[in-house]
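Each value in this text was obtained by applying a stated rule to the coordinates, not by laboratory testing. Source: prediction; values computed, not measured. Cβ atoms come from the backbone with ideal geometry, glycine included; neighbour counts cover every protein chain shown.
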């Protein structure tokens, strides 16, 4: 079982040194992956749209800039997004950014992508929300061409490219992993046909997990892919929303956290994602406190489920 940490943007309150110290500590403790979540803007409550999932003023560092900063102070930990909202960005620009990050980090990048859920954010960035699923599929195919093909030709409704070049290629080239987020039927098909792994949100229902994994495997086989090569990761617990007092206390109970990791392992997940923002909400209110909490949790989890393989 491998362990990922979703980096808490709130660390910025202690300045650049606090951010770099926390990123390096996550690697030094022994976690396998450092992931960053993505939102560029968040909408305030407004009569013109549905309520947001999270407060509009929650602090969010730009994901790829944050990862480049983490890459400069680490040497071995995996670097990724959980998840980058791909359809609200130019896929060619994302391909270049990820290629550069992979080059400068020595081939440590895993790109996690999702379709997004906030129409107002798409509007603010100038992208159509309704077509996001179609554009997501198109964008993933284009990313792989940018990373692998000497001459990039992409016949597409959304992102046509004719006789283009992108150099340098990332160290991982066309095999740079793209993991797909989402707990819906379209997401399962996208994982199976286009992705290297599934980034599930919190999964607590073993029956749901079994059905989802079986669906992914079936779609992969129909697409002529090996289902065993598709990775599986789930959040241990996401950031609690306003008023969720039980969720805010989750990471204070190490027995509960370890049971959840055990459950995920039994469901077939090879990765578990620890949300450090939720740890901050649970009471680890400084970089030092988050480092201590992450260290204690890592030691406890590893003692119970063994080293990663």
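Listed values, structure above:
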{"item": "Tail weight of P(r) past 17 Å, computed on alpha-carbon pairs of the range 199-248, percent", "result": "48"}
{"item": "Rel. contact order, % - alpha carbon contacts under 8 angstrom, at least six apart, the chain", "result": "19"}
{"item": "Calculated FRET efficiency for the pair residue 207/residue 229, C-beta based, R₀ 30 Å, to 0.05", "result": "0.75"}
{"item": "Alpha-carbon centroid distance for the pair the range 31-50 / the range 168-208, whole angstrom", "result": "19"}
{"item": "Simple spin-label estimate for residue 305 and residue 68 in nanometres, 7 Å along Cα-Cβ", "result": "3.3"}
{"item": "Residue-averaged 222 nm ellipticity for the chain, from DSSP H runs of 4+ at -39500 (n - 2.57), nearest 500", "result": "-13500 deg cm²/dmol"}
{"item": "Values of log10 I(q)/I(0), in the order q = 0.15 Å⁻¹, for the range 9-96 under a Debye, Cα-only, solvent-free model", "result": "-0.66"}
{"item": "Per-pair calculated FRET efficiency, R0 = 41 Å: residue 255 and residue 96 via Cβ, rounded to 0.05", "result": "0.35"}
{"item": "Relative contact order for the range 96-157, counting Cα pairs under 8 Å that sit 6 or more residues apart, in percent", "result": "24"}
{"item": "Potential lengthening between residue 266 and residue 158 on full extension [0.36 nm per residue; Cα-Cα distance subtracted]", "result": "34.8 nm"}
{"item": "Binned Cα-Cα distances of the range 39-189, short to long, each 10 Å bin given as a whole percent", "result": "10, 37, 36, 14, 2"}
{"item": "Calculated over the range 35-77: convex hull of Cα atoms, volume per residue (Å³)", "result": "70"}
{"item": "Computed Kirkwood radius, in angstrom, where 1/r is averaged over Cα pairs of the chain", "result": "20.0"}
{"item": "Inter-site label distance for residue 125 and residue 57 at 7 Å from Cα along Cβ, in nm", "result": "2.4"}
{"item": "Semi-axis lengths (Å, descending) of the ellipsoid that matches the C-alpha gyration tensor of the range 132-291", "result": "35, 20, 14"}
